[in-house]
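Here is the structure we will look at.
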Amino acid sequence: MGDVKRVLLIVSGGIAAYKCLELIRLLRGREISVRCVLTEGGAQFVTPLSLAALSGDKVYQDLFSLTDENEMGHIELSRDADLLLVAPATANLLAKMRAGLADDLASTALLATDKPVLAAPAMNVRMWEHPATRENIRDLKSRGIGFIGPVEGEMACGEFGLGRMAEPEAIAQAVAKTLESAGAPGGRLAGKRAVVTSGPTHEAIDPVRYLANHSSGRQGHAIARALAAEGADTVLISGPTQLPDPAGVLVRHVASALQMLEACEAELPADIVVCAAAVADWRVQDQPRQKLKKNGKAAVIQLIENPDILATLSKPSTSRPRLVVGFAAETQNIIDHAIGKRDAKGCDWIIANDVSPESGTFGGDTNTVHLIDEAGVEDWPTLTKDEVGRRLAERIALHLGGQGR
């Protein structure tokens, strides 16, 4: 039992609290023990008895309980766990976390912890979109708090939008992956810093329109998760996607190619850079301040080239990463074009893949890639994008460990 991971689940006040009963069952099915803290609001939706029955442990509620403090004080509650999970994470509790308040058992345990923290937000779409909430989320992410969701769907209030708590299975998966990462001071990339780009970029045409592509960001996000699981201190620079932020990874959200390059350079020095984003090649030269109007004539838009992020990061310098990996998304002559791209950009490795419409790569769950380095071409079988991420992280770990192929 010494190897069993322990999660402190903080259940706050929201209708989504009922999902925590299934979440506890799923976590225990993964041999992860669960101890619960139930807030006053959370007790309006689920009972201590139901949480205790499913977790097989006592449920803690009162900050000033003499019995609880003698048996398991708030400091020990947070330190005894391997990970703290807030689900549902209400707008109120997120605001308290950002401000560092400690006026109940839940907020005190969160302030006292030195362990990883994950939050699964759940709130009305208007509350989620409010500038105060967005600012709280940005600040908490910058401190290393991981987020799962929210997702889009129908709310208990009858509205539809972004704000529903992620499903229990998705949360359980994120918890398991975070525990794997957190448990890896022995990971093969422990002590290494990695930067990964992911998703598309959006290049504004006018204040309401933009140029983009079909990239979903799934491959880049999977690579970031895999590098973190190998123990690397990982930063993900993500263009606009519909994906939740990977647990255990610091995420910087950007929109344009210029913003992505600036974010990448701000994260240097790094040991590893993987440029998996599908960066737009061009942007509008003179973006209008007002929305373009139809006037019965063809619109003429002048485009200029975006900066080449991969080539910029590959240039020899004192801050150049030890390993720079690029992606070559091609629709024909895949290997030849990728070899030429590696030579032109100056990167160490290129991952070539077919993104033609019939391949289903963009937006799909699988990828067929070829790793090209100084030794030649290594063909990989068709794999899920998660498996591609894990295999690439493993190759990177072997390379940086000096073990070769």
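Does Trp380 meet the test of being out of contact with any Ser or Thr (no Cβ under 6 Å at 6 or more places or on another chain), within 27 Å of Pro269 (Cβ to Cβ) and among the aromatic types (Phe, Trp, Tyr)?
no
Which one of these is crowded, with 18+ Cβ neighbours inside 10 Å, farther than 30 Å from Glu167 by Cα, touching a residue at least 12 places away in the same chain (Cβ under 8 Å) and among the charged types (D, E, K, R): Arg289, Arg322, Arg283?
Criteria check complete, one pass: Arg283.
Please verify whether Ile171 is over 25 Å from Arg395 (Cβ atoms) and crowded, with 24+ Cβ neighbours inside 10 Å, treating the condition exactly as stated.
yes
Filtering region 1-24 down to residues that are without any contact (Cβ under 8 Å) to a residue 40 or more places away in the chain and more than 23 Å from the chain's Cα centre (by Cα), which residue is surrounded by the most Cβ atoms within 10 Å (Cβ to Cβ)?
By that ranking, first place goes to Leu21.
Within region 25-50, take every residue that is in a helix (DSSP H, G or I) and more than 26 Å from the chain's Cα centre (by Cα) and give me the one that is nearest to Asp114 (Cα to Cα).
Gly42
Which count do you get for residues in region 25-60 that are surrounded by fewer than 18 Cβ atoms within 10 Å (Cβ to Cβ), in contact with a strand residue (DSSP E or B) (Cβ under 7 Å, 6 or more places away or on another chain) and farther than 15 Å from Arg6 by Cβ?
2
Does Pro316 satisfy being closer than 30 Å to Asp379 by Cα, assigned by TED's automatic domain parsing to the domain that holds Glu374 and loosely packed, with under 13 Cβ neighbours inside 10 Å?
For Pro316, the condition - closer than 30 Å to Asp379 by Cα, assigned by TED's automatic domain parsing to the domain that holds Glu374 and loosely packed, with under 13 Cβ neighbours inside 10 Å - is met.
Condition first: in contact with a helix residue (DSSP H, G or I) (Cβ under 7 Å, 6 or more places away or on another chain) and among the hydrophobic types (A, V, I, L, M, F, W, C). Now tell me which residues in region 306-337 satisfy that.
Matches in region 306-337: Ile309, Leu310, Ala311, Leu313, Leu323, Val324, Ala328.
Please tell me if Ala106 is under 18 Å from the mean Cα position of the chain (by Cα), of a type in the set (A, V, I, L, M) and either assigned to a helix (DSSP H, G or I) or at pLDDT 90 or above (or both).
So Ala106 fails the test.
Tell me, yes or no, whether region 301-313 has at least one residue that is over 20 Å from Met260 (Cα atoms) and either under 29 Å from the mean Cα position of the chain (by Cα) or in the same structural domain as Leu227 (by TED's automatic domain parsing) (or both).
There is at least one residue in region 301-313 that is over 20 Å from Met260 (Cα atoms) and either under 29 Å from the mean Cα position of the chain (by Cα) or in the same structural domain as Leu227 (by TED's automatic domain parsing) (or both).
When you check Val196 against the structure, is it surrounded by fewer than 24 Cβ atoms within 10 Å (Cβ to Cβ) and not in a loop (DSSP other than H, G, I, E, B), yes or no?
Spelling it out, it is not the case that Val196 is surrounded by fewer than 24 Cβ atoms within 10 Å (Cβ to Cβ) and not in a loop (DSSP other than H, G, I, E, B).
Of the conditions (1) under 23 Å from Ala280 (Cβ atoms); (2) surrounded by fewer than 17 Cβ atoms within 10 Å (Cβ to Cβ), Leu383 fails just one. Which one is it?
(1)
Regarding region 271-282, can at least one residue be identified that is of a type outside the set (Ser, Thr, Tyr) and under 27 Å from Glu135 (Cα atoms)?
Yes.
The values are calculated or read from the model by the stated rules, or taken from the named source; none is laboratory data. What you see is a predicted model; the values in this text were computed from it and never measured. Every residue, glycine as well, gets a Cβ built from its backbone with ideal geometry; the counts of neighbours run over all protein chains shown.
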